[in-house]
1. List the trypsin sites (Lys or Arg not before Pro) within region 48-91 that fall in a DSSP loop (any state other than H, G, I, E or B) and whose Cβ has at most 12 other Cβ atoms within 10 Å.
2. Which residue, chosen from 84, 107, 60, occupies the Cα position most advanced towards the positive end of the dipole of region 2-149, where the dipole is computed from +1 (Lys, Arg) and -1 (Asp, Glu) charges on Cβ about the Cα centre?
3. List 7, 88 from most exposed to least, where exposure is judged by having the fewest other Cβ atoms within 10 Å.
4. How would you classify the chain from its alpha-carbon gyration tensor, with a ≥ b ≥ c the square roots of the eigenvalues: rounded for a/c under 1.5, else prolate if a/b is greater than b/c, otherwise oblate?
5. Can you tell me the FRET efficiency between residue 79 and residue 5 if r is taken as the Cβ-Cβ distance and R0 is 25 Å, rounded to the nearest 0.05?
6. Please tell me the relative contact order of the chain in percent, rounded to the nearest whole number, where contacts are Cα pairs under 8 Å and at least six residues apart.
7. GNM, the chain, Cα, under 10 Å: largest mean-square fluctuation among 51, 119, 145?
8. For region 27-82, which GluC sites (Glu not before Pro) pass both filters: DSSP loop (anything but H, G, I, E, B) and at most 13 other C-beta atoms within 10 Å?
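Values quoted throughout were computed directly from the atomic coordinates according to the rules given, and no laboratory measurement underlies them. Everything numeric in this text was worked out from a predicted model, so none of it was measured. A quick note on method: Cβ atoms are made from the backbone with ideal geometry, for glycine too, and the neighbour counts reach across all protein chains shown.
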Amino acid sequence: MYQFKDVNDCVVRITFDQNEFVEDPKHVWVICRYLDKWLLTNHSIRGLEFPGGKLEKGESVLDAAKREVWEETGAEIESLFYIGQYEVLDGTSSFVKAIFFADIGSIERKSDYMETKGPILLDLLPETIKADASFSFVMQDEVLPLTLKQIAKMDLI
């Protein structure tokens, strides 16, 4: 398990073991690849980030991952892999996100992408995400680099 503080000074703990946290994940975050490109969404407030969000009542984390990717990008997931989970503690409350990696089969243009401006495809993720204001704070802590290392270790990219 790794632990650090994020850009909002919250304690973040990330693990690549399943069910290490007492609390079940109530959020999902999905690292997506489509035709050898990174598929992100452009959140209307936060900026560029991988799709994700809260589980709806009675929804599994797998179903939430598929729904969030569809809603925010118009993408259909071809293959979905569990990677790990992370917990964010802000001093008074906490939440856990399940992390997935998705191979995308297709992207459909939609008229509504919920709270986002739709899909963004990038050939490479910049080395300087932390210094790039176009990226969401969600992308600017250690969760993304640690997750990318785990995805590579699992031979998914």
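1. Sparse-neighbourhood loop trypsin sites (Lys or Arg not before Pro): 57.
2. Working it through, the farthest residue towards the positive pole turns out to be 107.
3. Least crowded to most crowded, the residues run 7, 88.
4. Numbers: a/c = 1.36, a/b = 1.26, b/c = 1.08.
Verdict is rounded for the chain.
5. 0.15
6. Dividing the mean separation by the residue count of the chain yields 30 percent.
7. Checking each option, the largest mean-square fluctuation is seen for 145.
8. Hits after loop and neighbour filter: 56.
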